[in-house]
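Engineer: Let me give you the structure first, and then I'll get to my questions.
The values are calculated or read from the model by the stated rules, or taken from the named source; none is laboratory data. Source: prediction; values computed, not measured. Here Cβ is always computed from backbone atoms with ideal geometry, including for glycine, and neighbour counts include all displayed protein chains. These area figures cover heavy atoms from the full protein model, side chains too; ligands, DNA and RNA do not enter into them. Shrake-Rupley method; radii C 1.70, N 1.55, O 1.52, S 1.80 Å.
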Amino acid sequence: MLLNVKNLQKSFGGRRILNGIDFTLDEGKVLVLIGPSGSGKTTTLRSLNLLERPEQGVLQIDGDEVDFSKPVSKKTIRAIRRKSAMVFQNYNLFPHKTVLENVIEGPVMVQKTAKEKAVDNARKILERVGLSDFLDSYPHQLSGGQQQRVGIARAVALKPRLLLFDEPTSALDPELVGDVLKVMKDLALEGWTMVVVTHELKFAEEVADKVLFLDQGTILEQGTPDELFGHPKHERTRQFLSRIMNKV
Ligand SMILES: Nc1ncnc2c1ncn2[C@@H]1O[C@H](COP(=O)(O)OP(=O)(O)OP(=O)(O)O)[C@@H](O)[C@H]1O
Ligand SMILES: [Mg+2]
């Protein structure tokens, strides 16, 4: 088991946002998180990377563990953070750096990889996401879909154990979504372990090993895509699914 999340609880301003989240994920598997706006998907994802700090619960990733009810050492925080890399809805690229510079930033500045080696690796990754012709472009010169593929390349370049995606295609024009989902599907086929917040149900059906439906800070149900989409147990899940399927 690569990821083990136990009883995550998180409040903002006295309001309980995560109400005891539990799930596990094996290495090489893909987990998709769905649920209504405000249900706690982003907070759950950010907790895995310690961008949010829950008040309760235990997080184990690849042999490292944080118990949020206890003081956490800086060393543990660093160790846990290194395990995952996040792809954001709005790409979060450095606007004044080129595509190549964006991708080598983490490896060179944070991981202290030799620049030559980082450049070599970044070129390979950018080729795989179809951006070899754009190494020296700046983010504003790229389409949203291309920018998001840089975002993915940047996460992959860190060689994390776990890739986290927060609605990676929801800011994109519909015709640009496919290229990004294709890259994500390829990563899944290569064996990356991934946690993906997305409402792209076709992608979830094809790629996810497990789907979680989050509602008001609780996992209302979880299962394979077939179980959850084909035979949802709860009325809330059924309502939610029919709402997003009719949104087109
Ligand atoms: N930094 C914060 N301060 C206060 N409240 C917050 C903060 N971050 C999130 N929340 C609240 O926590 C709840 C869950 O937010 P979260 O972003 O996790 O939901 P979500 O499921 O990702 O929603 P969406 O689909 O809209 O992205 C929301 O009610 C939100 O307003
Ligand atoms: Mg969100």
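Engineer: I'm checking a number: the convex hull volume of the Cα atoms of segment 7-149, normalised per residue, in Å³. What is it?
Structural biologist: Roughly 154 Å³ of hull volume per residue.
Engineer: Can you pull the accessible area of Asp166 for me, 1.4 Å probe, Å² to the nearest 10?
Structural biologist: Rounded to the nearest 10, the figure is 20 Å².
Engineer: Could you please report the charge total around Asp22, scoring K, R as +1 and D, E as -1 over all other residues with beta-carbon less than 13 angstrom from its beta-carbon?
Structural biologist: Values: positive: Lys6, Lys210; negative: Glu221.
Around Asp22, the surrounding residues sum to +1.
Engineer: What GluC sites (Glu not before Pro) in segment 7-102 are in a loop by DSSP, with at most 12 other Cβ atoms within 10 Å of the Cβ? Spell out each step's value before the answer.
Structural biologist: On the way: sites: Glu27, Glu52, Glu55, Glu65, Glu101; in loops: Glu27, Glu52, Glu55.
The qualifying sites are Glu55.
Engineer: Leaving ligands and nucleic acids out of the surface, order His231, His199 by accessible area at 1.4 Å, largest first.
Structural biologist: Values: His231 125, His199 55 Å².
Order by accessible area, largest first: His231, His199.
Engineer: While we're on this one: Give me the extension gain from Ser37 to Asn90: residue separation times 0.36 nm, minus the current Cα-Cα distance, reported in nm with one decimal. Walk me through the numbers on the way to the answer.
Structural biologist: Details: separation 53, 0.36 × 53 = 19.08 nm, distance 1.68 nm.
Taking Ser37 through Asn90 to full extension adds about 17.4 nm, to one decimal.
Engineer: Restricting to segment 101-248, what percent of DSSP beta bridges are antiparallel, rounded to 5?
Structural biologist: 50 percent
Engineer: What number, in percent, do you get for the relative contact order of segment 1-112 if the mean sequence gap of Cα pairs under 8 Å and at least 6 apart is divided by its residue count? Kindly include the intermediate steps, with their values, before the conclusion.
Structural biologist: Details: 141 pairs, mean separation 25.5, N = 112.
Relative contact order for segment 1-112 comes out at 23 percent.
Engineer: A further question follows. Using a 1.4 angstrom probe on the protein heavy atoms only, could you order Glu105, Glu205 from most to least accessible area?
Structural biologist: Working: Glu105 45, Glu205 110 Å².
Correct descending sequence by accessible area is Glu205, Glu105.
Engineer: Which values, in whole Å and largest first, are the semi-axes of the equivalent ellipsoid of the chain obtained as the square root of 5 times each eigenvalue of the Cα gyration tensor? Mind showing how you got there, number by number?
Structural biologist: Working: eigenvalues 170, 108, 47 Å².
Semi-axes, largest first: 29, 23, 15 Å.
Engineer: Right, next: Using only Cα atoms, locate the centre of segment 95-109 and the centre of segment 147-169, then give the distance between them in Å, rounded to an integer.
Structural biologist: Between the Cα centres of segment 95-109 and segment 147-169 lies a distance of 13 Å.
Engineer: If I model a spin label as a point 7 Å beyond the Cα along the Cα-Cβ vector, how far apart are those points for Lys75 and Gln216 in nm?
Structural biologist: Result for the modelled spin labels: 4.3 nm.
Engineer: Before anything else, pin down the relative contact order of the chain: Cα pairs under 8 Å, at least 6 apart, normalised by residue count, whole percent. The partial results should precede the final answer.
Structural biologist: Numbers: 454 pairs, mean separation 63.1, N = 248.
Rounded, it is 25 percent for the chain.
Engineer: Below 24 Å, Cα to Cα, which lysines can Lys185 reach? Residues fewer than 8 away in the same chain don't count.
Structural biologist: Lys29, Lys41, Lys83, Lys124, Lys159, Lys202, Lys210, Lys247
Engineer: Would you kindly state how much longer the chain becomes between Asp226 and Phe12 on full extension, computed as 0.36 nm times their sequence separation minus their alpha carbon distance, in nm to one decimal? Spell out each step's value before the answer.
Structural biologist: Numbers: separation 214, 0.36 × 214 = 77.04 nm, distance 3.42 nm.
Full-extension gain reported as 73.6 nm.
Engineer: Can you pull the percent of segment 64-222's accessible area that's carbon plus sulfur, 1.4 Å probe, other chains left in place? Provide the component values of the computation, followed by the final result.
Structural biologist: Working: 3790 of 7870 Å².
C and S atoms contribute 48 percent here.
Engineer: Give the accessible surface of segment 74-146 per residue, rounded to a whole number of Å², with probe radius 1.4 Å and ligands, DNA and RNA excluded.
Structural biologist: Working: 4420 Å² over 73 residues.
Solvent-accessible surface per residue comes out at 61 Å².
Engineer: Protein chains only, probe 1.4 Å: how do Lys202, Lys41 rank by accessible area, largest first? Mind dumping the intermediate values first?
Structural biologist: Working: Lys202 145, Lys41 15 Å².
Result of the area sort, largest leading: Lys202, Lys41.
Engineer: Could you name the aspartates and glutamates whose alpha carbon sits less than 16 Å from that of Lys117, not counting residues in the same chain fewer than 8 places away?
Structural biologist: Cross-link targets: Glu101, Glu105, Glu127.
Engineer: Under the classification rounded if a/c is under 1.5, otherwise prolate if a/b is larger than b/c and oblate if not, where does segment 28-103 fall, given a ≥ b ≥ c as square roots of the Cα gyration tensor eigenvalues? Working shown, then result.
Structural biologist: Numbers: a/c = 1.94, a/b = 1.32, b/c = 1.47.
Oblate, since a/c reaches 1.5 and b/c is not below a/b.
Engineer: While we're here: Looking at the square roots a ≥ b ≥ c of the eigenvalues of the Cα gyration tensor of segment 150-211, which shape do they give, rounded for a/c under 1.5, prolate if a/b is larger than b/c, or oblate? Walk me through the numbers before you get to the answer.
Structural biologist: Details: a/c = 1.71, a/b = 1.19, b/c = 1.44.
Cα axes put segment 150-211 in the oblate bin.
Engineer: Still on this structure: Give a quick list of trypsin sites (Lys or Arg not before Pro) in segment 57-119 that DSSP marks as loop, anything other than H, G, I, E or B, with at most 15 other Cβ atoms within 10 Å. Each step should come with its number before you reach the end.
Structural biologist: Details: sites: Lys74, Lys75, Arg78, Arg81, Arg82, Lys83, Lys97, Lys112, Lys115, Lys117; in loops: Lys97, Lys112.
The qualifying sites are Lys97, Lys112.
Engineer: Pairs of alpha-carbon atoms within less than 8 angstrom and 6+ residues apart define the contacts here; what relative contact order does segment 164-233 have, in percent?
Structural biologist: On the way: 58 pairs, mean separation 17.9, N = 70.
After rounding, I find 26 percent.
Engineer: First check a/c for segment 118-248, with a ≥ b ≥ c the square roots of the eigenvalues of its C-alpha gyration tensor; if it is under 1.5, answer rounded, and if not, answer prolate when a/b is larger than b/c or oblate otherwise. Present the calculation step by step, with values, prior to reporting the outcome.
Structural biologist: Working: a/c = 2.70, a/b = 1.90, b/c = 1.43.
It comes out prolate by the Cα gyration axes.
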